[in-house]
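Peer 1: This is the structure, below, for whatever I ask next.
The values are calculated or read from the model by the stated rules, or taken from the named source; none is laboratory data. Keep in mind it's a predicted model, so treat the numbers as computed, not measured. All Cβ positions, even for glycine, are placed from backbone atoms using ideal geometry, and neighbour counts span all protein chains on display.
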Amino acid sequence: MGVSGRVDGVDGAGVRGGPAGGAGEEPAAGRGSVLAVDAGNSKTDVAVIGADGSVLGAARGGGFQPPKVGIGPALDTLERAVTEAASAAGLPVRDLADQVSACLANADLPVEERELARAVRERGWGRTTRVRNDTFAVLRAGLPGGAPPRGVAVVCGAGINCAGLLPDGRTARFPAVGRLSGDWGGGSGLSEEALWLAARAEDGRGEPTELARTLPGHFGLGSMDELIEALHLGRIPFAGRYELTPVLFETCTAGDAVAASVVDRLAEEVVLLATVALERLGLLGEETPVVLGGSVLAARHPRLDGRIRVLMAARAPKAVVGVVTAPPVLGAGLLGLDQAGANARAYTRLAAHYA
């Protein structure tokens, strides 16, 4: 089903190399320090973290989109945020931290993780570089700070993805590159499904639904024909489709059965992802955290949230379902502290910073 459980020695792509100043030279922020990076499609958060868990400097930058601009330009955008965080910490960018813990969007396949890890290492920000998909940042942010990481996360924002992690480094992964890898859900899938159902409702091929009124109404249009024309001709930019996901949920809340069927389908998909990952890691029958994250799931729409919990209780009764509210950059930092073998006080201090 496109999921793998593997032992890599690390739970992502790891590249180790000595600092540019010499093999025995300590990085500027000290042994055990972490440069934590959470780089999503729309924004990037960076934090320089001391070995004691204190945040020495932080910054936010633009989205990380190698497929659109290439790895080099994408890392240039990331480096601007790293430079700002280093400046806030009063440290040079070169050899900024002992290790770089980077959780990056578009690091969907192992080969992409390896390519990005090499490219990040070449920037010289740390002695050791580890690159993981950004889903792992959400997962780690939702797990206990000082305990060995063990759990599963499902993230639903613009897209949908799932990842699981065991203390020994084994991971459960999905390629998560869209319909090509069997994915459905996220803002893109939900908006496309709503548009499809609304179009068919208006021309008589489908079941009647208020979506045929609420979707064009969001843009001040009077019919699906007008909305289809505006989208097709580019008068409404492609990104405008993502605005329709909240409209779908609002229409569901108002009692529309067709909109509710889409919400129920998403709940089914979230639970399917989580239970398959649990099964691959041998956790289906054990008490295990299942972390829900991303803008769609974090909104905790009553029907979606309730349906997920009902289905999880039936299929994985020992799973402990929760919605993560901490920023993913915390997860990237905790993953770095895990690798550094930090003490309990460091975890507590870092978590308190982002509480």
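Peer 1: Which condition from (1) of a type in the set (A, V, I, L, M, F, W, C); (2) assigned by TED's automatic domain parsing to the domain that holds residue 188; (3) under 19 Å from the mean Cα position of the chain (by Cα) is the one that residue 310 breaks?
Peer 2: Of (1) of a type in the set (A, V, I, L, M, F, W, C); (2) assigned by TED's automatic domain parsing to the domain that holds residue 188; (3) under 19 Å from the mean Cα position of the chain (by Cα), only one is false for residue 310: (3).
Peer 1: Considering only segment 163-245, give the helices (runs of 4 or more DSSP H) lying wholly within it that have at least 2 residues that are under 30 Å from residue 135 (Cβ atoms) and of a type in the set (Asp, Glu).
Peer 2: Answer list for segment 163-245: 186-203.
Peer 1: If you scan segment 76-90, which residues turn out to be surrounded by fewer than 21 Cβ atoms within 10 Å (Cβ to Cβ) and either of a type outside the set (Gly, Ala, Ser) or under 18 Å from residue 127 (Cα atoms) (or both)?
Peer 2: Hits for segment 76-90 are 76, 77, 79, 80, 83, 84.
Peer 1: Next up: Going through 181, 191 one at a time, which residue ends up being over 14 Å from the mean Cα position of the chain (by Cα), at pLDDT 95 or above and surrounded by fewer than 24 Cβ atoms within 10 Å (Cβ to Cβ)?
Peer 2: 191
Peer 1: With the requirement that a residue be among the basic types (Lys, Arg), at pLDDT below 95 and not in a helix (DSSP H, G or I), what does segment 40-85 give you?
Peer 2: 43 - this is the single residue of segment 40-85 that is among the basic types (Lys, Arg), at pLDDT below 95 and not in a helix (DSSP H, G or I).
Peer 1: Take the residues of segment 55-78 that are under 30 Å from residue 352 (Cβ atoms) and among the hydrophobic types (A, V, I, L, M, F, W, C): which is nearest to the chain's Cα centre (by Cα)?
Peer 2: The qualifying residue nearest to the chain's Cα centre (by Cα) is 64.
Peer 1: Do any residues in segment 213-236 that are of a type in the set (Val, Ile, Thr) have Cβ atoms under 8 Å from those of residues that are not in a helix (DSSP H, G or I), where the two are at least six apart or on different chains, and which pairs are they?
Peer 2: 236/219
Peer 1: Quick one: in segment 264-283, of everything that is under 21 Å from residue 138 (Cβ atoms) and without any contact (Cβ under 8 Å) to a residue 60 or more places away in the chain, which residue is surrounded by the most Cβ atoms within 10 Å (Cβ to Cβ)?
Peer 2: Within segment 264-283, the match that is surrounded by the most Cβ atoms within 10 Å (Cβ to Cβ) is 271.
Peer 1: For segment 224-249, how many residues are surrounded by 15 or more Cβ atoms within 10 Å (Cβ to Cβ), modelled with pLDDT of 95 or more and touching a helix residue (DSSP H, G or I) at 6+ places or on another chain (Cβ under 8 Å)?
Peer 2: Total meeting the criteria: 10.
Peer 1: Would you confirm whether any residue within segment 133-145 is among the polar types (S, T, N, Q), under 19 Å from residue 336 (Cα atoms) and touching a Gly at 6+ places or on another chain (Cβ under 7 Å)?
Peer 2: Checked against the condition, which is being among the polar types (S, T, N, Q), under 19 Å from residue 336 (Cα atoms) and touching a Gly at 6+ places or on another chain (Cβ under 7 Å), segment 133-145 yields no hits at all.
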